[in-house]
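Q: First the structure, which I've put down as structure tokens, then a few questions once you've had a look.
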Amino acid sequence: MTYRRIGLVSIAVLIALVIIAFALIWRPELTATAEGAEPAYGKDEIARGYALAQLGNCESCHTAEDGAAYAGGRPLDTPFGTIFAVNITPDRETGIGEWSPEAFTRAMRKGVDREGAHLYPAFPYTSFTKIDDGDISALYAYLRTVPAVENEAPENALPFPFNIRALMAGWNLLFLDAGPVKAVSRESDEWNTGRYLVEGVTHCGACHTPRNALGAEKSSDSLAGAEIDGWYAPPLAGDGARAWNKPQLAAYLSAGFSRDHGAAAGPMGETVTNLSKVAPADVTAIATYVASLTDDTSPAFAAIDNGVPDDLAATHALWVGACASCHEAADGRANPSYGVPLSVGFALRGDKPLNAARTIVGGIDAYRDRGGPYMPAFGGTLTAEQITDLTQYVRARFSDGAAWEGVGDTVEQALSEQNEGDGQ
């Protein structure tokens, strides 16, 4: 073969590769809807869309602190940089007011916006792709009813090459498992509804499933527990998962508290606040499915009290003054603040101090207005050293685990985030 022929073949291969790459990456811009031309939706469909928005935590993710509902701007820190949630109100300039139902469906199913740009999976379209047509239509219908707000979300802070959206086409080819959730005939309708919700709109795996180096959920470790936003979402299935029964989990998901498991805090607190607004049947279905992922052989958390640790005797006075009145009730039952013996919950059982330290710093007050569990935030009243010692104290006294490492760093990070949130 002559050099000329080799050169021509090489050029032809290169052209073919460019065409293939373009076909893989390119998505057409969809026509903008004319103002006032949206189809009419019934009250029942809008009501269902509202429930789906609560189930999916849409408002929580798409609302910045002190910002307008659904108007975007909330940051999400990822291993690849910071991504800001976009405006999903019906504003035509900065929101999704020009999006047709087809454009909305494409974003939910394929992770591509109306203009043809690839979305990052911080928007969990990898789960939303499993939502059926009727529910996508209902969610779209509801979002058309929220007040339109003009608000341009900040630019994402992603370093090269993660700022190249076109790379998501290849990511989707590897990791996007499109298609509906198929019903399991041997299971009840309630169980199948729960699975559909968990794997779809509620996208529980986004927090509770570990991710690989490219940021995709590890399907082999589904719901096996993962770190998220500085917290640890405990396993709901697999090794290390603690058994929940259906009534316990239904109560926890709707009210943020189970006497046998403790109270929801951190990102889970937001989730429970949203789930409290939906029909009990949806919450019960989720509880039915998740409870089925563990069985009676899953480990139960026995009551533990090892007594005052010798090396933290000085911290005991702090425990007595700040914690004991709620967590050391004489009869072992929850007091009016819903404090339970600390050995009941998962926070002291993990390998890292994330949940325990952050709960001491930030407290629990997401449900206070509904008479739910409450714990004051000690981040503004105790020093970092005191919180560090208190975290180690409860770990040593109320669990059988080894002393945590890196507690001070975790506390400092939580305090820093709290101060930033308070504008200090």
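The values are calculated or read from the model by the stated rules, or taken from the named source; none is laboratory data. Small disclaimer: the values here were computed from a predicted structure and weren't measured. Cβ: placed from backbone, ideal geometry, glycine included. Neighbour counts: every protein chain shown.
Q: Considering only segment 363-385, state which residues are in contact with a helix residue (DSSP H, G or I) (Cβ under 6 Å, 6 or more places away or on another chain) and touching a residue at least 60 places away in the same chain (Cβ under 8 Å).
A: If the condition is that a residue be in contact with a helix residue (DSSP H, G or I) (Cβ under 6 Å, 6 or more places away or on another chain) and touching a residue at least 60 places away in the same chain (Cβ under 8 Å), then A366, G372 are the ones that fit.
Q: Now a separate question. Which pairs do you get when a residue that is closer than 12 Å to I88 by Cα, found in segment 45-62, comes within reach of a residue that is of a type in the set (K, R), reach meaning Cβ atoms under 7 angstrom, with the pair 6+ apart or on two chains?
A: Taking only residues 6 or more apart or on different chains, the pairs are C61/R74; H62/R74.
Q: Sticking with this one: If we scan segment 114-121, do we find a residue that is farther than 14 Å from W171 by Cβ and either without any contact (Cβ under 8 Å) to a residue 40 or more places away in the chain or within 18 Å of the chain's Cα centre (by Cα) (or both)?
A: no
Q: I'm trying to understand the selection: among the residues of segment 235-267, which are under 19 Å from R358 (Cα atoms) and in contact (Cβ under 8 Å) with a residue 40 or more places away in the chain?
A: Matches in segment 235-267: G256, F257, H261, G262, A263, A264, A265, G266, P267.
Q: Determine whether T89 is surrounded by fewer than 22 Cβ atoms within 10 Å (Cβ to Cβ), outside the structural domain of V198 (by TED's automatic domain parsing) and polar (S, T, N, Q).
A: Against the criterion (surrounded by fewer than 22 Cβ atoms within 10 Å (Cβ to Cβ), outside the structural domain of V198 (by TED's automatic domain parsing) and polar (S, T, N, Q)), T89 does not qualify.
Q: I131 fails exactly one of the following numbered conditions: (1) under 22 Å from the mean Cα position of the chain (by Cα); (2) free of Cβ contacts under 8 Å to residues at least 24 places away in the same chain. What is the number of that condition?
A: The failed condition is (2).
Q: Then there is this: Being more than 30 Å from A281 (Cβ to Cβ) and modelled with pLDDT under 95 narrows it down to one residue among D91, D77; which is it?
A: D77
Q: Mind counting the residues in segment 215-274 that are small (G, A, S) and touching an Asp or Glu at 6+ places or on another chain (Cβ under 6 Å)?
A: 0
Q: Has segment 187-198 got at least one residue that is closer than 21 Å to V272 by Cα, in contact with a Phe, Trp or Tyr (Cβ under 9 Å, 6 or more places away or on another chain) and of a type in the set (A, V, I, L, M)?
A: Checked segment 187-198: at least one residue is closer than 21 Å to V272 by Cα, in contact with a Phe, Trp or Tyr (Cβ under 9 Å, 6 or more places away or on another chain) and of a type in the set (A, V, I, L, M).
Q: Kindly state which helices (runs of 4 or more DSSP H) lie completely within segment 310-424 and contain at least 2 residues that are at pLDDT 90 or above.
A: Once the helices (runs of 4 or more DSSP H) in segment 310-424 are filtered for at least 2 residues that are at pLDDT 90 or above, what remains is 313-322, 354-362, 384-398, 407-421.
Q: Something else about it: Restricting to segment 1-27, name every residue that is loosely packed, with under 10 Cβ neighbours inside 10 Å and either modelled with pLDDT under 55 or not in a loop (DSSP other than H, G, I, E, B) (or both).
A: If the condition is that a residue be loosely packed, with under 10 Cβ neighbours inside 10 Å and either modelled with pLDDT under 55 or not in a loop (DSSP other than H, G, I, E, B) (or both), then Y3, R4, R5, A23 are the ones that fit.
Q: In segment 28-51, how many are farther than 13 Å from R144 by Cβ and crowded, with 17+ Cβ neighbours inside 10 Å?
A: 3
Q: Right, here's the next one. Is at least one residue of segment 147-164 among the acidic types (D, E), in a loop (DSSP other than H, G, I, E, B) and in contact with a Phe, Trp or Tyr (Cβ under 8 Å, 6 or more places away or on another chain)?
A: Within segment 147-164, one or more residues are among the acidic types (D, E), in a loop (DSSP other than H, G, I, E, B) and in contact with a Phe, Trp or Tyr (Cβ under 8 Å, 6 or more places away or on another chain).
Q: Output the residues belonging to segment 278-308 that are exposed (fewer than 15 other Cβ atoms within 10 Å of the Cβ), more than 22 Å from S337 (Cα to Cα) and of a type in the set (D, E, K, R).
A: D295, D296
Q: Where residues in segment 182-216 are of a type in the set (K, R) and surrounded by fewer than 20 Cβ atoms within 10 Å (Cβ to Cβ), which of them is farthest from the chain's Cα centre (by Cα)?
A: R186
Q: Hey, another quick one. Need pairs with beta-carbon distance below 8 Å; first residue touching a residue at least 24 places away in the same chain (Cβ under 8 Å) and within segment 163-185, second among the aromatic types (F, W, Y) and surrounded by 13 or more Cβ atoms within 10 Å (Cβ to Cβ); sequence gap 6+ or separate chains.
A: From residues that are touching a residue at least 24 places away in the same chain (Cβ under 8 Å), the pairs are R165/Y120; M168/Y120; L176/Y125; V181/Y196.
Q: Further, regarding this structure: Checking the structure you have, find out if any residue of segment 96-111 is in contact with a strand residue (DSSP E or B) (Cβ under 7 Å, 6 or more places away or on another chain) and touching a residue at least 60 places away in the same chain (Cβ under 8 Å).
A: Within segment 96-111 (the criterion being in contact with a strand residue (DSSP E or B) (Cβ under 7 Å, 6 or more places away or on another chain) and touching a residue at least 60 places away in the same chain (Cβ under 8 Å)), the answer is yes, since at least one residue qualifies.
Q: Restricting to segment 50-80, count the residues that are closer than 14 Å to A153 by Cα and either touching a Leu at 6+ places or on another chain (Cβ under 8 Å) or not assigned by TED's automatic domain parsing to the domain that holds T31 (or both).
A: 2
Q: Mind listing whichever residues of segment 152-181 are surrounded by fewer than 19 Cβ atoms within 10 Å (Cβ to Cβ), of a type outside the set (A, V, I, L, M) and out of contact with any helix residue (DSSP H, G or I) (no Cβ under 8 Å at 6 or more places or on another chain)?
A: Once the filter is applied, which keeps residues that are surrounded by fewer than 19 Cβ atoms within 10 Å (Cβ to Cβ), of a type outside the set (A, V, I, L, M) and out of contact with any helix residue (DSSP H, G or I) (no Cβ under 8 Å at 6 or more places or on another chain), segment 152-181 yields E152, P154, E155, P159, F160, F162, N163, R165, W171, G179, P180.
Q: Could you please find all residues in segment 189-225 being in contact with a Ser or Thr (Cβ under 7 Å, 6 or more places away or on another chain) and either of a type in the set (A, V, I, L, M, F, W, C) or free of Cβ contacts under 8 Å to residues at least 60 places away in the same chain (or both)?
A: W191, A206, T209, K218, D221, S222, L223, A224
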